[in-house]
Amino acid sequence: MKNSIKKMILLLIYFSSPLAVILLFYILNPSVLSQRPLRQLANILGLTAYIILIYEFVLTSRLKVIDRIFGMDRIILFHIIMSAIAIQLAVVHGLIMFYISETTIILIGSGINLLAQFIILMAVGAIFLHGSGKKIKKLDYNVAKTIHNLTIITTSFLFLHALGTNLNYPSPIILIIYTLFYLLALGSWLNLKVIRIRKVKNNPYEIIQVKNEAGSYWTLTLKPKNAEILDYSPGQYGYLSIKSQEVSKEFHPFSFASSPVKNDSISFTIKELGDYTNQIGTVKIGETAYIEGPYGIFNALKSKANHLVLIAGGSGITPFLSLLRYMKDTKNTRKVTLIWGVKFPYELFLNDEFEEMKRINPNLAIIPVISDDESWEGESGFIDREKLERLAPCVDPGKEIQKNDYYICGPPAMVKNVRPALKSLGVNKSKYLHTEKFYR
Ligand SMILES: Cc1cc2nc3c(=O)[nH]c(=O)nc-3n(C[C@H](O)[C@H](O)[C@H](O)COP(=O)(O)OP(=O)(O)OC[C@H]3O[C@@H](n4cnc5c(N)ncnc54)[C@H](O)[C@@H]3O)c2cc1C
């Protein structure tokens, strides 16, 4: 089945299920129709918020089947937006109930804990309501993660609330549906936090090399302690956790930098950027690490175009490194142009390896672009429209079939500039423009 059809089916299920449950609710409980319209509106908003919140646990449980259809970065963005919408719906539901003085219902069968949870939910909702969509997206990662983890408790209370408020209705079917949805959320959450992590921990890796490539770039090489090595494709990524004295054990996403063929080890090239990555250089050989994955659909090898144009910003080079290493190992001589933007020339740490790759593949062009060194004699400044038009022009602008496929990877600011530049050059964005953003 085509990916676009799978996408449509999943989105249809996602958006039509609140509607289906609302209809069922009315069919099973026709007395609801005699309630005042505001009360009915509150019912609908509350029910919709509940189902959307439940689905957020499914979306964020890193299901490979969903990842393969949408890609995890899109799923996370969708999740952030939909969670904010669900919280806002829940807040409006609560406000209406308060306005029509039916707040006592909140307490029935749920107690003071629910009230506390409800107040938290209202407060978080008010913050979201106050902020713009951009503010939500910019929410600090760890704050967002804590809110996310607390949501399972809130959802449990919401479940009790939903049960409590629906006990008065004659049909138990709605209660069963609420329970099934809740079990779906709980199951997804437990699958991610317990079952999957246990599986990952059964397949530990040993750090066999910690190498400072240049400046703030480090490469960690890992070998499986048991026989099994992760089966990944170039362009994919995994969540890495290191059991080390110095580094936090939390899982962070990193693209595989190694080639998956002829390799008994896996490597990640990591740029120091914040609390976690700044500690990478302190990792010791012999320490244990875990990898959860692989994830991602950023695989240029699948492209049928004549010419692959790879555009990297800083550490965004890593998925392309894996691809070029794979092409070297498999003696693939496909036409590839890599444009790599970094700040300073010393960050171009792969020169020797690139020369070797070009020797094996004469159709490979590698163009560094330096932004912060005026003495650099090659391409300088940012990767912009003018450079893209000159270095890797779109062969058939606007056409249904184009001869170049463009892959962009790097920090959001770079992706944000390069995507519209390519679009303005006639690159069909839905078919020939593929992106991987490294930070949300
Ligand atoms: C699909 C993907 C592949 C990546 N591949 C690489 C790579 O090959 N090499 C590389 O150097 N970097 C890569 N990154 C970026 C890397 O994951 C972040 O730089 C790192 O997690 C930041 O953590 P920090 O605490 O050092 O920085 P912070 O300053 O704390 O965080 C910087 C930003 O990173 C994101 N972030 C922080 N913690 C996490 C986390 N646990 N999980 C997810 N995102 C987080 C947030 O958006 C945050 O705003 C990749 C990111 C993604 C999403």
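Kindly establish whether Val65 is out of contact with any Phe, Trp or Tyr (no Cβ under 6 Å at 6 or more places or on another chain) and either over 30 Å from Lys193 (Cα atoms) or surrounded by fewer than 17 Cβ atoms within 10 Å (Cβ to Cβ) (or both). Yes; evaluated as a whole, the condition is true for this residue. Taking the numbered list (1) acidic (Asp, Glu); (2) at pLDDT 95 or above; (3) within 16 Å of the ligand (Cβ to nearest atom) in turn, Glu250 passes all entries but (2). Within the set Ala413, Ala365, the sole residue that is out of contact with any Gly (no Cβ under 6 Å at 6 or more places or on another chain), more than 16 Å from the ligand (Cβ to nearest atom) and either at pLDDT 95 or above or in a helix (DSSP H, G or I) (or both) turns out to be Ala365.
Restricting attention to the stretch 278-295, the residues that are at pLDDT 95 or above and in a strand (DSSP E or B) total 4. Within the set Leu273, Leu323, Leu301, Leu310, the sole residue that is surrounded by fewer than 16 Cβ atoms within 10 Å (Cβ to Cβ), of a type outside the set (Val, Ile, Thr), within 16 Å of the ligand (Cβ to nearest atom) and under 26 Å from Asp67 (Cβ atoms) turns out to be Leu273.
Hey, does the stretch 366-374 have a residue that's within 26 Å of Asn306 (Cα to Cα), touching a strand residue (DSSP E or B) at 6+ places or on another chain (Cβ under 8 Å) and of a type outside the set (A, V, I, L, M, F, W, C)? Give the derivation first.
Filtering the stretch 366-374 down to residues within 26 Å of Asn306 (Cα to Cα) leaves 366-369.
Add one more test, that the residue is touching a strand residue (DSSP E or B) at 6+ places or on another chain (Cβ under 8 Å), and what stays is 366-369.
With the extra rule that they be of a type outside the set (A, V, I, L, M, F, W, C), the set shrinks to 368.
Yes: one or more hits.
Suppose the filter is in the same structural domain as Ile177 (by TED's automatic domain parsing) and touching a residue at least 60 places away in the same chain (Cβ under 8 Å); does Met72 pass it? Considered against the rule, which asks whether it is in the same structural domain as Ile177 (by TED's automatic domain parsing) and touching a residue at least 60 places away in the same chain (Cβ under 8 Å), Met72 comes out as yes. Considered as a group, the residues in the stretch 417-435 that are at pLDDT below 90 and charged (D, E, K, R) include one that is farthest from the ligand (Cβ to nearest atom), and that residue is Lys431. Being more than 22 Å from Arg325 (Cβ to Cβ) and more than 20 Å from the chain's Cα centre (by Cα) is a property that Ala227 has.
The values are calculated or read from the model by the stated rules, or taken from the named source; none is laboratory data. In this text the structure is predicted, and so the values were computed from the model without any measurement. Note that we place each Cβ from the backbone using ideal geometry, even for glycine, and neighbour counts take in every protein chain shown.
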